[in-house]
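Presented below is the structure to which this report refers.
The values are calculated or read from the model by the stated rules, or taken from the named source; none is laboratory data. In this text the structure is predicted, and so the values were computed from the model without any measurement. Quick reminder, even Gly has a Cβ in these numbers, built from the backbone with ideal geometry, and neighbours come from all protein chains shown.
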Amino acid sequence: MDDRMNKDRQRYRFAKIICVFAAAFYVLVTVIALGMIKTDERLFDSDSMFGGYDEMVFRYKEGEGAASATVEYADLTEESTEAVEEETEEAVETAEAEEPAAEEPVPETEPVEDDQEYLSFVAVTEASRNLNIRAEASTRAKVVGTIPHGETGYILEAGDDWSRVCYKGREGYCSNEYMNLKKISKEEYEEGLKENESGRETE
């Protein structure tokens, strides 16, 4: 009788332990299932998802790595900006180099007025005498040539008393007292000098 009661008690304790374990198991399974359901809901909830991301970033910025990460990002931004500015400057320089330079207008040159007087002369000595051409403007200078009365020559350099003249290719000085001066055009003067040169006197 006592043995039977002991066996019943043991069976009762064993059944009780099994019930406790079974209840704990079911409770644990229920908790896990509920956790998975909540996780699935958060995955499909955009506000919760991005809200969690914002919270994570905010916490990260408050942590030790926030300062270095911000500095690195700022450095990369500055380098990127400088690179873009350099590329822009190079593009502008290339465009300026390729662009043909505008032709500068050539200033119109005003004709220079020729104030020089072109003079010819006629020797006015006595009919039987010639006008002396001297090496210097002096009656004591050497005579280097003569001009017959009524012959024409050309003034190279006019003076008050003496003028440097050219007659048939010979140059020297003659007294203005024995010359009748006449203004002529530049063309007549140049043509007369050419003819005068072609008729050079031979020594």
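What to note about this one:
- Condition broken by Leu131, with the remaining ones in (1) modelled with pLDDT of 70 or more; (2) in contact with a Lys or Arg (Cβ under 9 Å, 6 or more places away or on another chain); (3) closer than 23 Å to Tyr189 by Cα satisfied: (2)
- Whenever a residue of region 170-181 is crowded, with 17+ Cβ neighbours inside 10 Å, its partners that are of a type in the set (Lys, Arg) and at pLDDT below 95, lying with C-beta atoms within less than 8 angstrom and at least six residues away or across chains, give the pairs Arg170/Arg200.
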